[in-house]
Amino acid sequence: MTEAAEHEEYDVVIAGAGVNGALIAKHLTHAGFRVLVLEAGPGSAWSLDGYSRHLDHFYAAASKGPESPWPPAVAAPQPDTADIRSGAGYFVQNGPDKYGSSYTRAQGGSTLHWLGVCLRMLPEDFELRSRFGVGHDWPLRYADLEPYYGRAEHEIGVAADVADQAHHGIEFPDGYDYPMRRIPLSFSDQVLADTIDGMRVTLEGESIALQVRSYPAGRNSVPRGAYRPVGAVDADVDRHDMITHLGERCAGNTSCTPICPIEAKYNAGKTLAQADRGKLRVLAQAVVSKVSVDPVSGMVDGIEYQRYADPASPRHTVHTARGRVYVLAAHAVENAKILLASGLGGGDSLIGKGLIDHPALYAWGLSPVPVGAYRGPLSTAGIEDLRGGAFRARHAAFRFDIGNDGWRATTGGPDSSVVDAVTNQGLYGTKLRAHLAATLPRHVRFSLAVEQLRSEANAVTIDPRHLDAMGNPRPVISYRIDDYTMGGMAAAAEAARQVFRQAGIADCTDPEAGGWFPSVRRDGEVFHYHGMGHFGGTHVMGHRAGESVVDTHQRSWEHRNLYVVGSGSFPTMGTSNPTLTMAALALRTAEHMTEALAARQPIRQGEPSGF
Amino acid sequence: MTLPTTRDIAPGDITTIEELQDYLYRGMQLEHATIPVYLTALYSLHPETNADAWHILRVIAIEEMLHLTLAANVMNAVGGQPDLTKKGFVPTYPARLPDGETDFLVPLQPFSEDAVHTFLQIERPRKAPEPGKRIVARSRAHDPEVLQADQHLDHRPVIGPLLTVPGRPEEQFYSIGEFYEEIIHGVTYLEQEYRKQGKTLFTGDPSRQVTPEYYYSGGGEIVAVTDLESCVKALQLIAEQGEGLGGGIYDGEGELAHYYRFQQLKIGRFYLPPDEPDRPTGPPVTIDWAAVYPVKKNPRMRDYPQGSQLRAAAEEFNKEYAAFLGMLTRAYTGQPQLLLEAVWQMFHVRDGIVRLVRNPLPGRDGVNAGPTFEVDGATP
């Protein structure tokens, strides 16, 4: 196989076409630099035809999990949320607890299947050690990231009203507002807000008032000012006409996760399509296997990648891409895996160490009045009041996501409710219909995502005994949910019970219903948890080389022409979904790279990369 | 089209505000009349097939909804009353286009080569014999095919007073573009005359204008109409999206005009800039003419047996559609925020059509049901 990319000189070589890689590629190409993006998975989601096939795949799938529209290539396997149930899969789970999250290896990355929640981190999330004596401080403060948050909200296209979002010290510049108005609150949100707003829960003697709050969403809504929503994309300009008027507004479909049928939800393909295409080359089905480092200078002098033609086969050819600067934007786990496979970690190195997630509990109940469950985006609001506060000195913070999807995620409703009514209650005919009509619209679901702190024992490692079909290492995951997080779980479960009780919602939370979810035990209480897909912490950023892997620009301390980007750089994640924060960091990194690249002459053929 | 600014323009066919409002009502009728036709064809496609046809029909149907809304904005701007609930607003299919084009009939039918032929007739570019003359002799209506179709109609197509060019019963507009050209001339003339008296034609309540806040990603940029300039802009957008700008295949926003979008289905190839009319050079269009539900052409309620589930579904659809038009009327008469709800209500419209087109008509071997759009008298 000949590889044009191998013979071309690039300013920047990026591994990964997810949100981080796409943002950096967009900005560097517009700054005039030549960029090569290597994507391990297929690039099919970048065309309307391909995206439609993923949609068909989803419709045909018996199980509608986050991965159902996005089958992995043999060459680029990915974790699947069903793996925990089956005990098999891509991750090697080293315990003691199971790591329950997944990600998508395809062009567009996990933004293909994400829900689109775009919360900013709280100012206190950046200062956990100084304010609460736990966890770590970031080397950046909220104020440092604030301008980039605003830019990221416009890059992604976030729908929210500033008036809803200024809480826990989150500040916005005067006159700032999100590019689009908030997604309308669901009927469920409105019914629950009537009951919950102003309600107080008491945790360890501390009384906290609650409010149902619209959350910022990366889904197209009513634009503000001159902003124009970005709808569906098609990389094939010959067929550009086909995507006219597609996906420029959320139409309330119910499958944000795992696939928005009209691309009204942001995916990274939209950003990549906005790059200067004349300066950009994207190679899909190119698995980065190794970073090559010049032993004398310590600079990266190439990225080795494996190109495959058939997603069903591991047959591949090996190539090397060269640029002046390299960016690993392959995902928190994949970044660590590539660095470790390149022999760049080990010993005191923090590469791979500090893996976090938001282990999350479900609480579900039967509302006294219909909430119109099973309609609209999977969720549109949350309760943010328990994301911060003095209690963080003792236990983890947590966030309520309020589902519009009934008991779908918790018990498999509404299908399982039908099965239950028929087989356990013996209902059929008009009685069955009446029963379902009386109960399904009253299904309430909270998802309680709990903060987790970095611990070096929670790590991604590699082991030559565990390889994938391409001979690349599978991630070996060591993971333990500590007492701090379990304290948060206990508080979250208690808060949910108090809300249900005060709201007159019959608590149907049954730990055994999700019996296959992994569980942890504390003081006799069992918590069944699931992953939120919020990986982080595996190449942490810091002020000093010995204490971190990257600096505040996500630039490797050891290899100064290498950037390792994404939520792996997070010292803490608070209770925010990581995408917006990593997008803000990626924009900050792109700005820095532009300045750094512009300050130096382009290298000439044959010279070592002289970044 | 340029606005005459320096010297007086002569009156055309529109000389009073009442005539203008009649024309605009007919314009709304016209824009709406295409939607049942396009939606029936769109939802007759088997799911997961015919992606090219699906997207071409989808884009055009959405743009017709924009045109309807633009026409409502113009109507409101000149103090008129948009009313989609008036008896006869929705034509009985097969119908003649409400702008007075009488040489062809527009049926409700599944996606087919015949349907594409009709779509091309609906969207045909203007062809007035000479500049300034936008009407052609009605003799074209003596097309034997149309006459034959007329004989087989189970009803006479309604030709109301608005269906002929006022004062010229023997003549007709040849295209939608020419119909709008006449309206543009009319508003320009009337505004000129009003200004001479120190008045303006545009006295409508601005709060009735549908603005981008309530209408976006629905076929292009909505134009709030408050004066002659915005009025002409709105009307030109309608005409250009249908037939292209200045004889080209693209409109002023660089989008392919409806006629040429449909022509891609006929020729089997996509247009690419800077293609010339009739000679697309893009990739092939893939069509599976067989992957279509065999929907009955021009279905009527009487095709559905009394007491049958199909009849109930068809009735329910007509009621919902009538309610939908009622909601649009309220949205166009002071409550534009209702258009946000229209987004999910359109799912109901889709589901109602899909329920019909995927079910066979009893006793009519191999023919499926379809929506009848008989909304007059169908009350929700």
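Oblate is the label for region B:221-380, because the ratio a/c of its alpha-carbon gyration tensor axes (a ≥ b ≥ c) is 1.5 or higher and a/b is not greater than b/c. Result for chain B in a Gaussian network model with C-alpha springs under 10 Å: among B:S175, B:S308, B:S207, the largest mean-square fluctuation is at B:S308.
Sequence-distant contacts, meaning Cα pairs under 8 Å at least 6 residues apart, place the relative contact order of chain B at 22 percent.
If R0 equals 35 Å, the separation of the Cβ atoms of A:R465 and A:A309 corresponds to a calculated FRET efficiency of about 0.75. Among B:E315, B:E101, B:E255, the largest mean-square fluctuation in a Gaussian network model of chain B, built with springs joining Cα atoms closer than 10 Å, belongs to B:E255. In chain A, the longest principal axis of the Cα atoms and the axis of helix A:142-156 are about 90 degrees apart. Working from label points 7 Å from Cα in the Cα-to-Cβ sense, the A:R522 to A:H592 distance is 3.4 nm. Between the C-alpha center of region A:21-77 and that of region A:399-435 there is a gap of 34 Å. With a Förster radius of 25 Å applied to the C-beta separation of A:A599 and A:R544, the computed FRET efficiency comes to 0.55.
Just the protein heavy atoms count here, and of the accessible area of the protein assembly as shown at 1.4 Å, carbon and sulfur take up 51 percent. Quick one: grab the alpha carbon gyration tensor of chain A, order the square roots of its eigenvalues as a ≥ b ≥ c, and give me rounded if a/c is under 1.5, else prolate or oblate depending on whether a/b is larger than b/c. It is prolate, given that a/c is not under 1.5 and a/b is the larger ratio.
In this structure, A:D56 and B:V354 have a Cβ-Cβ separation that, at R0 = 22 Å, corresponds to a calculated FRET efficiency of about 0.85.
Think of the protein assembly as shown as having a plus end and a minus end, set by charges on the Cβ of Lys, Arg, Asp and Glu; of A:Y103, A:G487, B:L265, A:G487 sits farthest toward the positive end of this dipole. For B:K233, the lysines whose Cα falls under 28 Å of its own Cα, not counting residues fewer than eight places away in the same chain, are B:K86, B:K127, B:K133, B:K196, B:K199. Interface burial in region B:335-371 reaches 10 Å² or more for B:L340, B:V343, B:F347, comparing the full protein assembly with the chain by itself; accessible area from heavy atoms with a 1.4 Å probe. For region B:281-315, a drop of 20 Å² or more in accessible area on going from the chain alone to the assembled protein chains (1.4 Å probe) is found at B:P283.
Helix screen, chain B: DSSP H segments with Cα axial length of 18 Å or more and mean Kyte-Doolittle hydropathy at least -0.5 are B:17-44, B:51-77, B:228-243, B:309-331, B:338-357. For the pairs A:K270/B:K266; A:K64/B:K297; A:K64/B:K319; B:K266/B:K297, note any where the Cα-Cα span goes beyond 29 Å. Checking Cα-Cα distances, A:K270/B:K266; A:K64/B:K297; A:K64/B:K319 exceed 29 Å. Sequence-distant contacts, meaning Cα pairs under 8 Å at least 6 residues apart, place the relative contact order of region A:165-301 at 17 percent. Please name whichever of A:V13, A:F33, B:Y216 sits farthest to the positive end of the charge dipole of the protein assembly as shown, dipole taken about the Cα centre and charges placed at Cβ: Lys and Arg +1, Asp and Glu -1. Towards the positive end, the residue furthest out is A:V13. Cross-link reach is defined here as a Cα-Cα straight distance under 20 Å, omitting same-chain residues fewer than 8 places apart; for A:K353 the lysines meeting it are A:K98, A:K290, A:K337. Across chain A, the mean sequence separation of Cα contacts (distance under 8 Å, 6 or more residues apart), normalised by length, yields a relative contact order of 21 percent.
Interface A/B, total buried accessible area with a 1.4 Å probe, nearest 100 Å²?
2100
Under the rule a/c < 1.5 gives rounded, and otherwise a/b versus b/c splits prolate from oblate, where does region A:115-250 land using the Cα gyration tensor?
oblate
Skip the ligands, DNA and RNA, and give the accessible area per residue of the protein assembly as shown with a 1.4 Å probe, whole Å². Kindly include the intermediate steps, with their values, before the conclusion.
Values: 37410 Å² over 991 residues.
Using a 1.4 Å probe on heavy atoms only, each residue of the protein assembly as shown averages 38 Å².
Counting only protein heavy atoms and using a 1.4 Å probe, the accessible area of B:F347 comes to about 50 Å².
The values are calculated or read from the model by the stated rules, or taken from the named source; none is laboratory data. Note that the structure is predicted; figures quoted are calculated from it, not measured. Methodologically, a virtual Cβ is constructed for each residue, glycine included, from the backbone with ideal geometry; neighbour enumeration extends over all protein chains shown. In case anyone asks, the SASA skips ligands and DNA or RNA and just uses the protein heavy atoms, side chains included. Shrake-Rupley method; radii C 1.70, N 1.55, O 1.52, S 1.80 Å.
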